[in-house]
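Right, one structure below, let's go through it.
The values are calculated or read from the model by the stated rules, or taken from the named source; none is laboratory data. Keep in mind that this is a model prediction, so the values were computed, not measured. Methodologically, a virtual Cβ is constructed for each residue, glycine included, from the backbone with ideal geometry; neighbour enumeration extends over all protein chains shown. In case anyone asks, the SASA skips ligands and DNA or RNA and just uses the protein heavy atoms, side chains included. Shrake-Rupley method; radii C 1.70, N 1.55, O 1.52, S 1.80 Å.
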Amino acid sequence: LGFEDQFNYLYSKGGTLSVKRYLGKKISTELGFTIESQKSVDAIKYYSIFNSKRNVRLNHRITDGIDNRIVLNLESGSSPFKRNFTTTNGFVSQIEFSSKLFGSKFNYTKINAVYQFYIKTFYNELFFSPYLGVYIEVSAVLGSFGPQHLYTPQTALGVYSPFGTFKALRPYQLIGDKSIAVHLEHNWRKTFFDMLGIYFPVAWNIELTTGVNGLRIWN
């Protein structure tokens, strides 16, 4: 939307065969095997009606080759990666294991886990009461891998920045093989304006949100 969200990209083809089992109403596991060929793609021209003269940065090359891997997923509650309009708790984790035993060029283990939960802080009787949101993400990749397997923090997509993203970072501004990210957000709803006796933000459905983000990334 803001013509600034330039992500790295690559060409891949292959397929995945997986089986999923529900252990409860909100808990599920999924085990799959992916066969994939990955190839670098040079920078291409940016086509746009509104900003066709924009210069696209050079696309980083990856390590070409076959990446066959076992993928294990565990999900509980509502996935933090889903953009929900309500405050929902959830946990999701994914483990990828790529090995030359499967015909892969790589030999790595990649782990990603995200936990998100919300705590009502006051006026609990309200349907939309003020809340504190906590978002924790841990990622790591170990072994022999390519640049395409490294981790970069989630960033804003132009003008859109949901909970769990770093609003002050650009895509691929930071990159590494291990990282820990923590996001804290408190939504005061409209109570702050009510206490000050300012009522037009309430009529316009304007809310006040404060927050802080922390990131530790290794290279």
Next on the checklist: Connecting C-alpha atoms closer than 10 Å in a GNM of the chain, tell me which of Val138, Val182, Val41 has the biggest fluctuation.
Outcome noted: Val41
Checklist entry - Percent relative contact order of the range 133-190, based on C-alpha pairs within less than 8 angstrom and at least six residues apart? => result 48 percent
Checklist entry - About its Cα centre, what dipole magnitude does the chain give when the only charges are +1 on Lys and Arg Cβ and -1 on Asp and Glu Cβ, stated in debye to the nearest 20? => result 400 debye
Checklist entry - All other residues with a Cβ under 13 Å from the Cβ of Lys20 taken together, and with Lys, Arg as +1 and Asp, Glu as -1, what is their net charge? => result -1
Checklist entry - Which FRET efficiency value, to the nearest 0.05, is calculated for Ser99 and Gln173 with the Förster distance at 35 angstrom and r the Cβ-Cβ distance? => result 0.65
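What part of the accessible area of the range 87-178, given as a whole %, is carbon or sulfur when the probe is 1.4 angstrom?
63 percent
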Checklist entry - In the chain, with Lys and Arg counted as +1 and Asp and Glu as -1 at Cβ, which of these residues, Leu169, Leu196, Ala43, has the Cα nearest the positive end of the dipole, that is, farthest along it? => result Ala43
Checklist outcome for this item: Taking a probe of 1.4 Å and leaving out DNA, RNA and ligands, the range 1-157 shows per residue an accessible area in Å² of 64 Å²
Item to check | 5 angstrom amide H check on Asn59, placed H, neighbours 5+ away | outcome: Ala43
Item to check | Anchor Lys190: lysines whose Cα lies under 19 Å away (excluding residues fewer than 8 positions away in-chain) | outcome: Lys120
Item to check | Exceeding the 29 Å Cα-Cα cut-off - candidates Lys82/Lys110; Lys26/Lys100; Lys100/Lys167 | outcome: Lys26/Lys100; Lys100/Lys167
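Relative contact order, percent, of the chain when contacts are C-alpha pairs under 8 Å separated by at least 6 residues? Walk me through the numbers on the way to the answer.
On the way: 494 pairs, mean separation 31.6, N = 219.
Worked out over the chain, it gives 14 percent.
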Checklist outcome for this item: Percent relative contact order for the range 99-219, counting Cα pairs under 8 Å at least six residues apart, stands at 23 percent
Next on the checklist: On a full-extension model of 0.36 nm per residue, what is the gain between Trp218 and Lys39, subtracting their alpha-carbon distance, rounded to one decimal in nm?
Outcome noted: 61.9 nm
Next on the checklist: For the chain, set up a GNM with springs between Cα atoms under 10 Å and report which of Asn187, Asn205, Asn84 has the largest fluctuation.
Outcome noted: Asn205
Next on the checklist: Starting from 0.36 nm per residue, how many nanometres of slack lie between Arg61 and Ile198 once their C-alpha separation is accounted for?
Outcome noted: 44.0 nm
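At 222 nm, what value in deg cm²/dmol follows for the chain if DSSP H runs of at least 4 each add -39500 (n - 2.57) and the sum is divided by all its residues, to the nearest 500?
-1000 deg cm²/dmol
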Next on the checklist: So if I take the alpha carbon set of the range 73-173, get Rg, then get Rh from the Kirkwood formula, what is the Rg over Rh ratio?
Outcome noted: 1.08
